[in-house]
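These notes are about the structure you will find just below.
No value in this document is a laboratory result; all are computed from the given coordinates. Predicted model, so just to flag it, every value in this text is computed and none were measured. Cβ placement follows ideal geometry from the backbone for every residue including glycine, while neighbour counts extend to all protein chains displayed.
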Amino acid sequence: MMDIHQILKQLPHRYPILLVDRVLEVEKGKRIKALKNVSINEPFFLGHFPHRPVMPGVLMLEALAQAAALLAFDYQGITPDDKTVYYFAGIDGARFKRPVEPGDQLILDVQLDRVRAGIFKFKAQATVNGEIATEAELMCTMRTVA
């Protein structure tokens, strides 16, 4: 388990783009299960959509990528510094199957598929109450920036 204070030490993201509230489980080098509490106070709900607030699909993918980064850091046994950035390298097979609304708890389940030449590939799924909200294969890589 990892609380928000530990997550803030690992991820460079901050409000309003930090999208992981808690890590529930980690199987080193295999999978991570985390959660995002979706609140009506999220800034994106002001425009997406005012009459029927729905979490944007790209932000669900971003939440999954942040969970994937936490899994990658744990796998490597590192704590990234200010010069380490974790980027998307690709997204395949993204599907959106259920809207995510204020009050939902988004469960992020990410499995490490493989690591080759510094590219991490993950199978990722986000659910609400056991129903798949989104799923995708994510490719990510770490870079050092000046």
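Some notes on this structure:
- Counted residues, segment 12-31 - those being part of a loop (DSSP other than H, G, I, E, B), of a type in the set (A, V, I, L, M) and either in contact (Cβ under 8 Å) with a residue 60 or more places away in the chain or within 19 Å of K123 (Cα to Cα) (or both): 2
- Selection of segment 45-88 for residues being in a strand (DSSP E or B) and surrounded by 13 or more Cβ atoms within 10 Å (Cβ to Cβ) yields T84, V85, Y86, F88.
- Filter pass, A34 being buried (at least 19 other Cβ atoms within 10 Å of the Cβ), touching a Cys at 6+ places or on another chain (Cβ under 8 Å), in contact (Cβ under 8 Å) with a residue 40 or more places away in the chain and closer than 21 Å to R14 by Cβ: no
- Every residue from segment 92-124 that is without any contact (Cβ under 8 Å) to a residue 40 or more places away in the chain and polar (S, T, N, Q): none
- The residues of segment 10-59 include none that are polar (S, T, N, Q), more than 18 Å from T79 (Cα to Cα) and in contact with a helix residue (DSSP H, G or I) (Cβ under 7 Å, 6 or more places away or on another chain).
- Of all residues in segment 2-11 being touching a strand residue (DSSP E or B) at 6+ places or on another chain (Cβ under 7 Å) and farther than 14 Å from L71 by Cβ, the one that is surrounded by the most Cβ atoms within 10 Å (Cβ to Cβ): I4
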